[in-house]
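**Q** Handing you this structure, nothing more for now.
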Amino acid sequence: MNKVVVLFSGGVESSCLLYFYLSKEWIVYPAYVITGRFWEKFEYKRASALWRYAKKTYPNLMPIRCVVTKTAPTESKFIRTEEELFIPLRNLTLLTAVGSYALSKDAKHIAIGSLGLYPFPDNDFGYLQKVEALISKGANTSLKICAPLFGMEKWEVVQKFKGLVPFHLTFSCINPVVRKGKILHCGKCIKCVERKKAFSI
């Protein structure tokens with residue numbers, strides 16, 4: 001059977017990736033990469049809840065693997081733009097972090113939820129191809145980086161996977177709010193604004 005390591009954070013895109021491969025009956029190994037951002041402990045809890053929900057339906061969903069790479073000791077190491085949150089070396093960090101895990105599971109594919117829409121230096125298909133070549137050379141085997149959502153708008157992703165993905169369980173926020181023990185979106189950060197826009201179309 002085909003195996004894939006999915007970079008899974010519980011957000012819209014990574015959750016769609018998860019269900020995309022699960023519905024194709026691939027063996028899916030979700031990986032959550034811990035880099036040291038303050039919101040990650042909240043994000044991981046929400047991602048775990050979505051994982052438990054999916055596991056009830058898909059036996060081909062493997063346990064979440066936390067991969068720790070402390071590249072961000074403080075939350076001040078990212079750059080805000082008017083439309084997005086740019087974290088330097090983000091995609092390179094995520095992809096190289098799970099390379100060894102993919103090898104350990106004999107998974108030849110690593111999936112990332114990049115849309116390729118934002119004008120960031122690490123967010124184009126050519127860059128991903130170069131990272132793929134770098135990882136494959138270092139591993140001495142072929143590891144394919146897959147970005148099946150590439151070129152889509154976020155609202156298009158929502159429309160395509162509506163009815164399959166439990167979007168009410170997805171979570172992506174850089175300033176999470178905890179109320180009565182529940183982890184909620186702040187509703188104001190860049191990620192929340194982007195999310196609202198995608199679901200409003």
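The values are calculated or read from the model by the stated rules, or taken from the named source; none is laboratory data. Because the structure is predicted, anything quoted here is derived from the model rather than measured. Positions of Cβ are generated from backbone atoms using ideal geometry, with glycine treated the same way; all protein chains shown enter the neighbour counts.
**Q** Please find, among LYS56, LYS77, the residue that is at pLDDT 95 or above, out of contact with any strand residue (DSSP E or B) (no Cβ under 8 Å at 6 or more places or on another chain) and more than 23 Å from ALA147 (Cα to Cα).
**A** So the residue among LYS56, LYS77 that is at pLDDT 95 or above, out of contact with any strand residue (DSSP E or B) (no Cβ under 8 Å at 6 or more places or on another chain) and more than 23 Å from ALA147 (Cα to Cα) is LYS56.
**Q** Tell me yes or no: at least one residue of region 139-154 is at pLDDT below 95, over 17 Å from the mean Cα position of the chain (by Cα) and either closer than 18 Å to THR93 by Cβ or aliphatic (A, V, I, L, M) (or both).
**A** Yes - at least one qualifying residue is present in region 139-154.
**Q** Condition first: surrounded by 13 or more Cβ atoms within 10 Å (Cβ to Cβ) and closer than 22 Å to PHE199 by Cα. Now tell me which residues in region 139-151 satisfy that.
**A** Of everything in region 139-151, those that are surrounded by 13 or more Cβ atoms within 10 Å (Cβ to Cβ) and closer than 22 Å to PHE199 by Cα turn out to be ALA147, PRO148, LEU149, PHE150.
**Q** Next up: Return the only residue of LYS182, LYS154 being surrounded by fewer than 13 Cβ atoms within 10 Å (Cβ to Cβ) and closer than 29 Å to LYS55 by Cβ.
**A** Answer to the selection: LYS182.
**Q** Yes or no: region 112-119 includes at least one residue that is within 22 Å of PHE20 (Cβ to Cβ), outside any loop (DSSP other than H, G, I, E, B) and aromatic (Phe, Trp, Tyr).
**A** Scanning region 112-119, I find no residue that is within 22 Å of PHE20 (Cβ to Cβ), outside any loop (DSSP other than H, G, I, E, B) and aromatic (Phe, Trp, Tyr), so the answer is no.
**Q** I would also like to ask the following. As an exercise: evaluate LYS144 against (1) of a type in the set (Lys, Arg); (2) in contact with a strand residue (DSSP E or B) (Cβ under 8 Å, 6 or more places away or on another chain); (3) within 20 Å of TYR44 (Cβ to Cβ) and give the number of the one condition it does not meet.
**A** Of (1) of a type in the set (Lys, Arg); (2) in contact with a strand residue (DSSP E or B) (Cβ under 8 Å, 6 or more places away or on another chain); (3) within 20 Å of TYR44 (Cβ to Cβ), only one is false for LYS144: (3).
**Q** Oh, and also: Basic (Lys, Arg) and at pLDDT 95 or above - does that describe any residue in region 101-124?
**A** For region 101-124, residues basic (Lys, Arg) and at pLDDT 95 or above: present.
**Q** Let me ask something else about it. Look at region 86-127 and say how many of its residues are under 22 Å from ASN2 (Cα atoms), touching a helix residue (DSSP H, G or I) at 6+ places or on another chain (Cβ under 7 Å) and either without any contact (Cβ under 8 Å) to a residue 40 or more places away in the chain or of a type outside the set (Val, Ile, Thr) (or both).
**A** 7
**Q** Which one is farthest from HIS168 (Cα to Cα) among residues in region 32-57 that are in contact with a helix residue (DSSP H, G or I) (Cβ under 6 Å, 6 or more places away or on another chain) and crowded, with 19+ Cβ neighbours inside 10 Å?
**A** Ranking the qualifying residues of region 32-57, first place goes to VAL33.
**Q** Only residues that are touching a strand residue (DSSP E or B) at 6+ places or on another chain (Cβ under 9 Å) and of a type in the set (D, E, K, R): list them for region 155-193, please. Walk me through how you get there before you give the answer.
**A** Let us first name the residues in region 155-193 that are touching a strand residue (DSSP E or B) at 6+ places or on another chain (Cβ under 9 Å), namely 171, 173-174, 176-178, 183-187, 189-191.
Selection gives LYS191 alone.
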